[in-house]
Amino acid sequence: MGAGRYKPWLIAFCLAATALFCLVFKPQPLPEAKARAAVPLESIFPERFGAWQVDASAAALIRPAFEQARQFQMYDQVLERTYLNAQGHSVMLSAVYGRQQSVGLQMHRPEVCYKAGGFDVRDVRDQPLVLGGRTVPATLLVASMAGRMEPVTYWRMLGDQLVLNESEFRWRQLSLGMTGHIPDGLLVRLSSIDTDAAQAHALHAEFAQALVQAMNPVQRARVLGP
């Protein structure tokens, strides 16, 4: 079923049914989520690959929204790094993992996090990326505030599957909930400080391609699915 065919009334019905189910049964995390939760994000994303390496002198900014989410146990792991290449271009990578993505407790999309941090968010659109020979559903946006323009590219995993959009995210979430399971989730976000959004998004795609090519099969499956 295509994501565009998920009717609001159907999702509303599933929400109500899932809530009722949760009153009777206590949903459990997916069995395979335990193994994924035990793997540190630092071991999935290499510190050096292709023309890129971690810039030790640039501490990545952990946004207040992330810290608040941690307090409410929304994320089990948060990894923030800034990478630099020989041409002086930098890309900030943020990966967040949550073992339980229930209806009432789930990771925030960047467009929500940036707004919570005082940014103006615009030009949000779906834009597939071709990484490692496969098409990855990604979302692009531009976040800005006084003196700072930050184009963003991100994609999400729910369980071991890439998620196309919010409707598909909720549909899969609800479908698993009806079977008595709570899926885990991973969000990978790339951003950079650049007044040229098209240039920044092109850099993100180049960075992501180099990153995926440098990963071993296990790492690649973790961030793009099997």
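The values are calculated or read from the model by the stated rules, or taken from the named source; none is laboratory data. Quantities reported herein were computed from a predicted structural model and do not represent experimental measurements. Heads up, the Cβs are rebuilt from the backbone with ideal geometry, glycines too, and the neighbour counts pull from every protein chain shown. Only protein heavy atoms, including side chains, enter the accessible area calculation; ligands, DNA and RNA are left aside. Shrake-Rupley method; radii C 1.70, N 1.55, O 1.52, S 1.80 Å.
Please go through region 128-162 and give me each residue that is surrounded by 14 or more Cβ atoms within 10 Å (Cβ to Cβ) and of a type in the set (Val, Ile, Thr), ordered by number.
Those that are surrounded by 14 or more Cβ atoms within 10 Å (Cβ to Cβ) and of a type in the set (Val, Ile, Thr): VAL136, THR139, VAL142, VAL152, THR153.
Just for region 111-122: of the residues that are open to solvent by less than 50 Å² (accessible area, probe 1.4 Å) and either part of a strand (DSSP E or B) or of a type in the set (Phe, Trp, Tyr) (or both), which one is modelled with the lowest pLDDT?
Per the criteria, the residue is TYR114.
Determine whether region 51-60 contains at least one residue that is in contact with a Gly (Cβ under 6 Å, 6 or more places away or on another chain), at pLDDT below 60, open to solvent by less than 30 Å² (accessible area, probe 1.4 Å) and in a loop (DSSP other than H, G, I, E, B). Steps first, answer last, please.
Our first condition is that a residue be in contact with a Gly (Cβ under 6 Å, 6 or more places away or on another chain); within region 51-60, this holds for none.
No, region 51-60 contains no residue that is in contact with a Gly (Cβ under 6 Å, 6 or more places away or on another chain), at pLDDT below 60, open to solvent by less than 30 Å² (accessible area, probe 1.4 Å) and in a loop (DSSP other than H, G, I, E, B).
With (1) exposed (fewer than 12 other Cβ atoms within 10 Å of the Cβ); (2) under 18 Å from LEU186 (Cβ atoms) as the list, and ARG125 as the residue in question, which single condition is left unmet?
Just one mismatch for ARG125, condition (2).
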